[in-house]
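I have placed the structure first, in the form of structure tokens, so that the comments after it can refer back to it.
Derivation of every value follows stated rules applied to the coordinates shown; laboratory data play no part. Everything numeric in this text was worked out from a predicted model, so none of it was measured. Cβ sites come from the backbone with ideal geometry, for glycine too, and all protein chains shown count toward neighbours.
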Amino acid sequence: MNTTVLPATDHTLTAKPDKWLMFRKPRPQAAVRLLCFHHAGGAALAYRNWVDRMPAFIDVCPVQLPGRGNRFGEAPFRAVGALVDTLLESIAPLLDRPVALFGHSMGAALAFATATEL
């Protein structure tokens with residue numbers, strides 16, 4: 001078996017909330033923030049319509065992962081733990097109220113890993 005070790009990727013440049021959350025229309029009075037994680041082959045675009053369709057007490061936050069959508073040119077994470085740590089660091093200012101998590105397929109696994117860290 002041939003094992004190849006791929007070089008680590010520096011993701012320090014991706015630690016900005018505006019890169020992680022796409023299509024969000026902030027709702028300062030919202031009671032809860034809803035982080036939405038897309039499936040493996042998808043992008044935050046999958047939740048674009050949710051932003052306008054949810055009640056006003058929910059701040060919909062579609063998460064855009066590196067390597068997907070408008071972040072296609074960025075190297076994807078190779079470890080879930082590193083991805084979750086960087087995401088949480090980036091969105092820390094938004095964790096000032098209760099957070100709900102939703103994920104589809106692989107996104108559900110990421111939502112679970114994020115919930116575990118929170």
How big is the chain on each of its three principal axes, counting only the C-alpha atoms and giving the largest first in Å?
53, 24, 23
For the chain, what is the mean residue ellipticity at 222 nm derived from helices alone (per DSSP H run of n ≥ 4: -39500 (n - 2.57); sum divided by total residues; nearest 500 deg cm²/dmol)?
-7500 deg cm²/dmol
So if R0 is 30 Å, what FRET efficiency would A31 and S105 give, r being the distance between their Cβ atoms, rounded to the nearest 0.05?
0.60
Kindly express, to the nearest 10 degrees and within the range 0 to 90, the angle between helix 106-117's C-alpha long axis and the longest C-alpha principal axis of the chain.
80
Need the full-extension length gain, A75 to F112, defined as separation in residues times 0.36 nm minus the C-alpha distance. One decimal, nm.
11.1 nm
Whose amide H sits under 5 Å from the amide H of L65, counting only residues 5 or more places off or on another chain, with H placed in the peptide plane?
A44
Rounded to the nearest 20 Debye, what is the dipole magnitude of the chain about its Cα centre when Lys and Arg each give +1 and Asp and Glu each give -1 at the C-beta?
380
